[in-house]
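**Student:** Sharing a structure, written as C-alpha coordinates. Questions coming.
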Amino acid sequence: MSEELSAFIRLLDKRYSCRGFLDRPVEREKIKLIIQTAQKVPSWCNSQPWQLAICSPEKTKLLADVLTKAAIDGMQSPDIIFPESYRGVYKERRSNCGWQLYEAVGVEKGDRLASQKQMMENFRFFGAPQVAVVTTPKELGAYGAVDCGAFVTAFTLAAQGLGVATIAQAAIAGLAPVVRECLCLSSDRNILCAISFGYENKDHPANQFRTDRAESSDVIDWY
(Lines give C-alpha, C1' and ligand atoms only; values in the text may rest on other atoms or scores of the structure.)
Protein backbone atom coordinates (compact mmCIF):
# COMPACT_ATOMS: atom_id res chain seq x y z
CA MET A 1 0.00 0.00 0.00
CA SER A 2 1.34 3.42 -0.94
CA GLU A 3 2.16 6.07 1.65
CA GLU A 4 -0.44 8.37 0.06
CA LEU A 5 -3.24 5.80 0.36
CA SER A 6 -2.24 4.95 3.93
CA ALA A 7 -2.44 8.63 4.88
CA PHE A 8 -5.85 8.93 3.21
CA ILE A 9 -7.19 5.89 5.06
CA ARG A 10 -5.96 7.29 8.37
CA LEU A 11 -7.77 10.56 7.64
CA LEU A 12 -10.98 8.73 6.75
CA ASP A 13 -10.73 6.64 9.92
CA LYS A 14 -10.40 9.76 12.09
CA ARG A 15 -13.34 11.64 10.57
CA TYR A 16 -16.74 11.21 12.14
CA SER A 17 -19.93 13.23 12.51
CA CYS A 18 -19.29 15.40 15.54
CA ARG A 19 -22.32 16.21 17.72
CA GLY A 20 -20.66 18.14 20.53
CA PHE A 21 -18.40 21.16 20.07
CA LEU A 22 -16.28 23.50 22.16
CA ASP A 23 -17.23 27.17 22.27
CA ARG A 24 -14.22 28.11 20.19
CA PRO A 25 -14.48 29.61 16.68
CA VAL A 26 -12.31 28.35 13.84
CA GLU A 27 -9.77 30.83 12.54
CA ARG A 28 -10.73 32.39 9.20
CA GLU A 29 -7.45 31.46 7.53
CA LYS A 30 -8.03 27.84 8.50
CA ILE A 31 -11.56 27.96 7.06
CA LYS A 32 -10.21 29.37 3.81
CA LEU A 33 -7.62 26.60 3.60
CA ILE A 34 -10.30 23.95 4.14
CA ILE A 35 -12.37 25.40 1.31
CA GLN A 36 -9.39 25.83 -1.03
CA THR A 37 -8.55 22.17 -0.48
CA ALA A 38 -12.13 20.97 -0.98
CA GLN A 39 -12.30 22.97 -4.23
CA LYS A 40 -9.99 20.39 -5.82
CA VAL A 41 -12.73 17.75 -6.14
CA PRO A 42 -14.02 16.92 -9.63
CA SER A 43 -17.33 18.34 -10.82
CA TRP A 44 -19.54 17.89 -13.88
CA CYS A 45 -17.87 19.86 -16.75
CA ASN A 46 -15.82 21.59 -14.02
CA SER A 47 -18.92 23.63 -13.12
CA GLN A 48 -18.02 23.79 -9.40
CA PRO A 49 -21.66 24.57 -8.51
CA TRP A 50 -21.26 24.84 -4.75
CA GLN A 51 -21.68 28.16 -3.00
CA LEU A 52 -21.13 28.53 0.74
CA ALA A 53 -22.74 30.89 3.22
CA ILE A 54 -20.25 30.84 6.10
CA CYS A 55 -21.87 32.10 9.30
CA SER A 56 -19.99 33.87 12.06
CA PRO A 57 -20.61 32.64 15.62
CA GLU A 58 -23.14 35.44 16.09
CA LYS A 59 -24.97 34.65 12.85
CA THR A 60 -24.85 30.92 13.65
CA LYS A 61 -26.66 31.55 16.94
CA LEU A 62 -29.25 33.73 15.21
CA LEU A 63 -29.87 31.11 12.53
CA ALA A 64 -30.13 28.40 15.19
CA ASP A 65 -32.76 30.42 17.04
CA VAL A 66 -34.99 30.95 14.01
CA LEU A 67 -34.58 27.35 12.81
CA THR A 68 -35.46 25.97 16.24
CA LYS A 69 -38.65 28.01 16.34
CA ALA A 70 -39.62 26.93 12.81
CA ALA A 71 -38.87 23.28 13.62
CA ILE A 72 -41.09 23.44 16.70
CA ASP A 73 -43.87 24.78 14.46
CA GLY A 74 -43.36 21.75 12.22
CA MET A 75 -42.33 23.39 8.93
CA GLN A 76 -41.07 21.04 6.20
CA SER A 77 -40.46 22.71 2.84
CA PRO A 78 -37.21 21.48 1.25
CA ASP A 79 -35.99 22.77 -2.11
CA ILE A 80 -35.15 19.19 -3.10
CA ILE A 81 -37.61 16.50 -2.04
CA PHE A 82 -36.38 14.29 0.77
CA PRO A 83 -36.19 10.49 0.25
CA GLU A 84 -39.63 8.87 0.03
CA SER A 85 -38.57 6.08 2.36
CA TYR A 86 -35.65 4.00 3.58
CA ARG A 87 -36.10 0.27 2.99
CA GLY A 88 -34.17 -2.90 3.55
CA VAL A 89 -30.50 -2.50 4.38
CA TYR A 90 -30.72 1.29 4.02
CA LYS A 91 -33.38 1.44 6.73
CA GLU A 92 -31.31 -0.90 8.88
CA ARG A 93 -28.18 1.26 8.60
CA ARG A 94 -30.13 4.42 9.33
CA SER A 95 -31.79 2.86 12.37
CA ASN A 96 -28.52 1.48 13.71
CA CYS A 97 -26.94 4.93 13.56
CA GLY A 98 -29.91 6.46 15.37
CA TRP A 99 -29.91 3.88 18.15
CA GLN A 100 -26.16 4.22 18.61
CA LEU A 101 -26.62 7.95 19.13
CA TYR A 102 -29.53 7.46 21.54
CA GLU A 103 -27.57 4.92 23.56
CA ALA A 104 -24.59 7.26 23.76
CA VAL A 105 -26.66 10.18 25.07
CA GLY A 106 -28.89 8.08 27.32
CA VAL A 107 -32.16 8.13 25.37
CA GLU A 108 -34.14 4.98 26.10
CA LYS A 109 -36.37 3.26 23.56
CA GLY A 110 -39.89 4.64 23.75
CA ASP A 111 -38.87 7.93 25.35
CA ARG A 112 -40.34 10.21 22.71
CA LEU A 113 -39.69 13.40 24.68
CA ALA A 114 -35.98 12.67 25.01
CA SER A 115 -35.65 11.57 21.39
CA GLN A 116 -37.42 14.74 20.22
CA LYS A 117 -35.07 16.84 22.33
CA GLN A 118 -32.06 15.13 20.77
CA MET A 119 -33.51 15.58 17.27
CA MET A 120 -33.87 19.32 17.90
CA GLU A 121 -30.11 19.52 18.43
CA ASN A 122 -29.88 19.46 14.63
CA PHE A 123 -31.33 22.96 14.49
CA ARG A 124 -28.85 24.42 16.94
CA PHE A 125 -26.07 22.75 14.96
CA PHE A 126 -25.16 20.57 17.95
CA GLY A 127 -23.61 23.62 19.55
CA ALA A 128 -21.08 24.21 16.76
CA PRO A 129 -19.72 27.76 16.80
CA GLN A 130 -19.97 28.10 13.03
CA VAL A 131 -21.89 26.67 10.11
CA ALA A 132 -21.57 26.64 6.32
CA VAL A 133 -24.80 26.45 4.31
CA VAL A 134 -24.28 24.76 0.93
CA THR A 135 -26.33 25.75 -2.10
CA THR A 136 -26.38 24.81 -5.79
CA PRO A 137 -28.02 26.42 -8.87
CA LYS A 138 -31.52 25.09 -9.43
CA GLU A 139 -30.97 24.68 -13.18
CA LEU A 140 -28.16 22.16 -12.63
CA GLY A 141 -30.58 19.74 -10.98
CA ALA A 142 -29.29 16.41 -9.72
CA TYR A 143 -25.84 16.89 -11.23
CA GLY A 144 -25.25 20.06 -9.23
CA ALA A 145 -26.34 18.25 -6.07
CA VAL A 146 -24.03 15.31 -6.78
CA ASP A 147 -21.09 17.66 -7.31
CA CYS A 148 -21.87 19.42 -4.04
CA GLY A 149 -21.90 16.06 -2.29
CA ALA A 150 -18.32 15.52 -3.41
CA PHE A 151 -17.42 18.97 -2.13
CA VAL A 152 -19.04 18.33 1.26
CA THR A 153 -17.03 15.13 1.64
CA ALA A 154 -13.81 16.91 0.75
CA PHE A 155 -14.64 19.75 3.16
CA THR A 156 -15.08 17.33 6.05
CA LEU A 157 -11.84 15.51 5.27
CA ALA A 158 -9.82 18.68 4.80
CA ALA A 159 -11.22 19.98 8.08
CA GLN A 160 -10.28 16.76 9.84
CA GLY A 161 -6.77 17.11 8.49
CA LEU A 162 -6.55 20.48 10.25
CA GLY A 163 -8.05 19.23 13.49
CA VAL A 164 -11.50 20.73 12.85
CA ALA A 165 -14.56 18.57 13.55
CA THR A 166 -17.62 18.60 11.29
CA ILE A 167 -21.07 17.21 10.73
CA ALA A 168 -22.98 17.46 7.45
CA GLN A 169 -26.68 18.07 8.11
CA ALA A 170 -29.63 17.69 5.76
CA ALA A 171 -32.15 18.60 8.47
CA ILE A 172 -31.89 22.34 7.77
CA ALA A 173 -32.90 21.76 4.14
CA GLY A 174 -36.40 20.99 5.36
CA LEU A 175 -36.57 24.59 6.56
CA ALA A 176 -35.21 26.08 3.33
CA PRO A 177 -37.51 29.17 3.32
CA VAL A 178 -36.34 30.10 6.83
CA VAL A 179 -32.67 29.65 5.96
CA ARG A 180 -33.11 31.61 2.72
CA GLU A 181 -34.75 34.55 4.49
CA CYS A 182 -32.33 34.64 7.41
CA LEU A 183 -29.23 34.58 5.17
CA CYS A 184 -30.75 36.50 2.22
CA LEU A 185 -29.94 33.65 -0.17
CA SER A 186 -30.99 33.83 -3.81
CA SER A 187 -34.19 32.04 -4.84
CA ASP A 188 -32.46 30.58 -7.91
CA ARG A 189 -30.33 28.27 -5.75
CA ASN A 190 -31.33 25.09 -3.94
CA ILE A 191 -30.40 24.84 -0.28
CA LEU A 192 -28.81 21.41 0.08
CA CYS A 193 -27.40 21.07 3.57
CA ALA A 194 -25.32 22.62 6.28
CA ILE A 195 -21.84 21.71 7.47
CA SER A 196 -21.54 22.52 11.16
CA PHE A 197 -17.91 22.83 12.21
CA GLY A 198 -15.66 23.69 15.11
CA TYR A 199 -13.38 21.99 17.62
CA GLU A 200 -14.72 18.76 19.07
CA ASN A 201 -15.72 18.34 22.68
CA LYS A 202 -14.08 14.97 23.27
CA ASP A 203 -16.00 14.47 26.51
CA HIS A 204 -19.46 14.98 25.00
CA PRO A 205 -21.43 11.70 25.17
CA ALA A 206 -22.69 12.07 21.58
CA ASN A 207 -19.08 11.83 20.39
CA GLN A 208 -18.42 8.47 22.02
CA PHE A 209 -19.67 6.18 19.24
CA ARG A 210 -18.70 5.45 15.65
CA THR A 211 -20.85 4.05 12.86
CA ASP A 212 -19.68 1.00 10.94
CA ARG A 213 -19.38 0.52 7.20
CA ALA A 214 -20.61 -2.19 4.87
CA GLU A 215 -18.13 -4.69 3.49
CA SER A 216 -16.95 -3.99 -0.04
CA SER A 217 -18.62 -7.22 -1.13
CA ASP A 218 -21.96 -5.75 -0.04
CA VAL A 219 -21.73 -2.80 -2.41
CA ILE A 220 -20.01 -4.31 -5.47
CA ASP A 221 -21.63 -6.15 -8.37
CA TRP A 222 -18.96 -7.51 -10.71
CA TYR A 223 -19.80 -7.66 -14.43
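The values are calculated or read from the model by the stated rules, or taken from the named source; none is laboratory data. Computed from a predicted structure; not experimentally measured. Every residue, glycine among them, receives a Cβ derived from its backbone with ideal geometry; neighbour counts consider all protein chains shown. All accessible areas refer to the heavy atoms of the entire protein, side chains included, with ligands and DNA or RNA removed. Shrake-Rupley method; radii C 1.70, N 1.55, O 1.52, S 1.80 Å.
**Student:** Counting only heavy atoms of the protein chains, get the accessible area per residue of the chain (1.4 Å probe) and round it to a whole Å² value.
**Tutor:** Spelled out: the 1.4 Å probe surface of the chain, per residue, equals 61 Å².
**Student:** Oh, and also: Which length gain, in nm to one decimal place, applies between residue 217 and residue 94 when the Cα-Cα distance is subtracted from 0.36 nm times their residue separation?
**Tutor:** 42.3 nm
**Student:** I've got another one for you. Lysine pairs in the chain with alpha-carbon atoms under 17 Å apart, 8 or more places apart or on different chains: how many are there?
**Tutor:** 7
**Student:** Can you give me the relative contact order of region 53-187 as a percent, contacts being Cα pairs under 8 Å and 6 or more apart? Before the final figure, lay out each step's value.
**Tutor:** Numbers: 90 pairs, mean separation 61.5, N = 135.
That works out to 46 percent.
**Student:** Another question, if that's okay. Quick one: which residues, 5 or more positions from residue 189 or on another chain, have an amide H under 5 Å from its amide H? H modelled 1.01 Å from N in the peptide plane, none for Pro or chain starts.
**Tutor:** The answer is 138.
**Student:** Here is a follow-up. Using the Cα gyration tensor of the chain, with a ≥ b ≥ c the square roots of its eigenvalues, what is the shape: rounded (a/c below 1.5), prolate (a/b larger than b/c) or oblate (neither)? The partial results should precede the final answer.
**Tutor:** Numbers: a/c = 1.20, a/b = 1.04, b/c = 1.15.
It is rounded, given that a/c, with a ≥ b ≥ c, falls under 1.5.
**Student:** Give me the one-decimal nm value for the distance between modelled label points at residue 162 and residue 103, 7 Å along each residue's Cα-to-Cβ direction.
**Tutor:** Output for this residue pair reads 3.5 nm.
**Student:** Still on this model: Identify which of 83, 137, 42 has the largest mean-square fluctuation in a Gaussian network model of the chain, with springs joining Cα atoms closer than 10 Å.
**Tutor:** Of the options given, 83 has the highest mean-square fluctuation.
**Student:** Moving to a separate point now. As I understand it, the dipole of the chain uses +1 on the Cβ of Lys and Arg and -1 on the Cβ of Asp and Glu, about the Cα centre. Which of 74, 22, 120 lies farthest toward its positive end?
**Tutor:** 22
**Student:** Going by average Cβ density within 10 Å per residue, which order do the peptides 147-154, 198-205 take, highest to lowest?
**Tutor:** Listed from highest to lowest mean packing, they are 147-154, 198-205.
**Student:** Please state the relative contact order of region 51-133 as a whole percent: Cα pairs under 8 Å, 6+ residues apart?
**Tutor:** In percent, rounded to a whole number, it is 68.
**Student:** So if each residue of separation counts as 0.36 nm, and I subtract the Cα-Cα distance between residue 65 and residue 186, what length gain in nm does that give?
**Tutor:** 41.4 nm
**Student:** Give the span of region 134-188's Cα atoms along each principal axis, as three whole-Å numbers ordered largest to smallest.
**Tutor:** Cα spread of region 134-188 along its principal axes, largest to smallest: 34, 25, 17 Å.
**Student:** How would you order 18-25, 68-75, 121-128 from highest to lowest mean count of nearby Cβ atoms within 10 Å?
**Tutor:** Peptide ranking by packing, descending: 121-128, 18-25, 68-75.
**Student:** For residue 21, what residues show an amide H to amide H distance below 5 Å, using hydrogens built from the backbone and excluding near sequence neighbours?
**Tutor:** 201
**Student:** Work out which helices of the chain, taken as complete DSSP H runs, extend at least 27 Å along their axis over the Cα atoms and score a mean Kyte-Doolittle of -1.0 or more, then list them.
**Tutor:** 141-161
**Student:** Please list, ordered by chain and number, the residues whose modelled amide H lies under 5 Å from the amide H of residue 130; skip anything fewer than 5 residues away on the same chain.
**Tutor:** 197
**Student:** Rounded to the nearest 500 deg cm²/dmol, what is the calculated helix-only ellipticity per residue at 222 nm for the chain, with -39500 (n - 2.57) per DSSP H run of length n ≥ 4?
**Tutor:** Calculated at 222 nm, the ellipticity per residue is -14000 deg cm²/dmol.
**Student:** Placing +1 at every Lys and Arg Cβ and -1 at every Asp and Glu Cβ, with all other atoms neutral, what dipole size does the chain have around its Cα centre, in debye to the nearest 20?
**Tutor:** Dipole magnitude for the chain comes out near 340 debye.
**Student:** Provide the gained length on full extension for the span residue 23 to residue 2, in nm with one decimal, where the gain is 0.36 nm per separating residue minus the Cα-Cα distance.
**Tutor:** 3.8 nm
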